[in-house]
Amino acid sequence: MTDLLSGIRVLDLTNVLAGPYCAYQLALLGADVIKVEAPQSGDLARQLGASPELNKAGMGASFLAQNAGKRSVVLDLKGEADRERFLDLVATADALVENFRPGVMDRLGLGHARLKEVRPSLVYCAISGFGQTGPMRDNPAYDQIIQGLSGIMSITGTPETAPLRVGYPVADTLGGLVGAFAIAAALVRQKTSGEGAFLDVSMLECTLSALGWPVSNYLTADVEPQPMGNENMTAAPSGAFRTGDGLLNIAANKQEQFLTLCRLIGLPELVSDPRFAERETRKRNRAVLKELIEDALASAPAAAWEEKLNRAGVPAGRVLTIPQVLEEQQVTLRDMTTRFDGVSGMDRPLTVVRGGFMVDGAAPLPVRPPPALGEHMDEVFSGLPPRIKRKVRAKTRAPAKNGARA
């Protein structure tokens, strides 16, 4: 069984990437994820992607990437009637995730304190660029903004080309992963003690945390990280090397791996060369060492060297494009993707990727395609237990009657 979160209901009020990716991880594990979207437009990602036709249909490729397995309802949270319907949903939820700027939910009258009155055990996760406190909390935050502020761009590229943006939204993705991890942990406590939680996820902090090695080198060894392109600061030879056909990553980080590499490429004399005999001397002379290795690797293509080196215990791998890696047997045989036919707004099958792990040998896959905007309104609201609906409405009427905070 891959439904580790079966029976868990999650309300997904998020847009674009960090929040939707967070909720997608929970949906893959069997949670009932209900995407609460604004009428007419919905998640902005519905309009983003490489296909203008899909964008126009509200099923942009960016949206399709992390919304399979979810159900969609539309609610105008600025209107009183829809806020009441939203509170009906909250009364049935185990967790909620939103990625508005700090304070937006409070201004709607739907902040954590209000929702906790309706569902005391609710796990509330707020994902934002900088967290709910601090001088930058109200600043708008996109992935590239966080990449620049976090230091990632300063160490990406070569000394000549840095700073460079990482080629995908890494800060957004890290924020989503950390959010999903935090929610899953809080759900454990909820199920054992009945206690809810308020989770304040900062994309900047998630990214700094993931920069563990570079940050530690500065904090502990007082060495400021520098851009090194495809080289590895901790060892040599370790990086990307030209071959007879294609680039090959080699990570001969251990002494025995270096010895084996030299033998396999026909340069055993490098082992006794004082410039390369030890780790630190190899690091100081990495440019000369790389040139010698690349001259030897020119005799065969990257694929041949990959097989030969790995078989001998020297870590190596070709540098592939995204289309190439998706065709690799290592990916296809482990069900990394799943296909849906008849998806709303699409004239061809849709293929999406799952999360990065398996459960008891089985791949957690989404059970339904990404939803059309508001596709599940009747299904979701007709399924709300009448008793809970009456209870919630009684609570939400009380503040107006007593003149208390709404």
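Working only within segment 234-250, note down all residues that are part of a loop (DSSP other than H, G, I, E, B), surrounded by 17 or more Cβ atoms within 10 Å (Cβ to Cβ) and free of Cβ contacts under 8 Å to residues at least 60 places away in the same chain.
Scanning segment 234-250 gives Ala235, Ala236, Pro237.
Could you check segment 231-281 and list, in sequence order, the residues that are over 22 Å from Ala302 (Cα atoms) and in contact with a Leu (Cβ under 6 Å, 6 or more places away or on another chain)?
Going through segment 231-281, the residues over 22 Å from Ala302 (Cα atoms) turn out to be 233-234, 255, 269, 271-281.
Within segment 231-281, Val271, Phe276 qualify.
Just a yes or no: is a residue in segment 87-105 of a type in the set (Ser, Thr, Tyr), crowded, with 17+ Cβ neighbours inside 10 Å and within 26 Å of Glu205 (Cβ to Cβ)?
First, the residues of segment 87-105 that are of a type in the set (Ser, Thr, Tyr): 92.
Filter again for crowded, with 17+ Cβ neighbours inside 10 Å, leaving 92.
Still in the running and within 26 Å of Glu205 (Cβ to Cβ): none.
No, there is no match, as no residue in segment 87-105 is of a type in the set (Ser, Thr, Tyr), crowded, with 17+ Cβ neighbours inside 10 Å and within 26 Å of Glu205 (Cβ to Cβ).
Looking at Pro169, Pro159 in this structure, which one is more than 25 Å from Pro20 (Cα to Cα), in the same structural domain as Pro20 (by TED's automatic domain parsing) and not polar (S, T, N, Q)?
Working: Pro169 fails: more than 25 Å from Pro20 (Cα to Cα).
Just one listed residue meets the conditions, Pro159.
Looking at segment 264-278, is at least one residue part of a helix (DSSP H, G or I), over 30 Å from Leu174 (Cα atoms) and small (Gly, Ala, Ser)?
Yes, the conditions are met somewhere in segment 264-278.
Does Ser128 satisfy the condition of being in the same structural domain as Val104 (by TED's automatic domain parsing), surrounded by 14 or more Cβ atoms within 10 Å (Cβ to Cβ), modelled with pLDDT of 95 or more and touching a Phe, Trp or Tyr at 6+ places or on another chain (Cβ under 8 Å)? Break it down into steps so the answer makes sense when it comes.
On the way: in the same structural domain as Val104 (by TED's automatic domain parsing): yes; surrounded by 14 or more Cβ atoms within 10 Å (Cβ to Cβ): yes; modelled with pLDDT of 95 or more: yes; touching a Phe, Trp or Tyr at 6+ places or on another chain (Cβ under 8 Å): yes.
Yes, satisfied.
So which helices (runs of 4 or more DSSP H) are wholly in segment 140-224 and hold at least 3 residues that are of a type in the set (Val, Ile, Thr)?
170-193
Do we find a residue being farther than 30 Å from Pro120 by Cα, exposed (fewer than 15 other Cβ atoms within 10 Å of the Cβ) and of a type outside the set (Val, Ile, Thr) anywhere in segment 181-204?
no
Which is of a type in the set (D, E, K, R) and over 30 Å from Ser62 (Cβ atoms), of Arg368, Arg284?
Arg284
Out of Ser72, Ser41, report the one residue that is part of a strand (DSSP E or B) and out of contact with any helix residue (DSSP H, G or I) (no Cβ under 6 Å at 6 or more places or on another chain).
Ser72
Only residues that are touching a residue at least 24 places away in the same chain (Cβ under 8 Å) and of a type in the set (S, T, N, Q): list them for segment 157-192, please.
Hits for segment 157-192 are Thr158, Thr161, Thr173, Gln190.
Against the conditions (1) touching a Leu at 6+ places or on another chain (Cβ under 7 Å); (2) more than 27 Å from Glu328 (Cα to Cα); (3) among the acidic types (Asp, Glu), where does Glu291 fall short? Just the number, please.
Going through the list (1) touching a Leu at 6+ places or on another chain (Cβ under 7 Å); (2) more than 27 Å from Glu328 (Cα to Cα); (3) among the acidic types (Asp, Glu), Glu291 breaks only (1).
The values are calculated or read from the model by the stated rules, or taken from the named source; none is laboratory data. Computed from a prediction, not measured in an experiment: that's the story for all the values here. Counting neighbours? That spans all protein chains shown, and the Cβs are built from the backbone with ideal geometry, glycine included.
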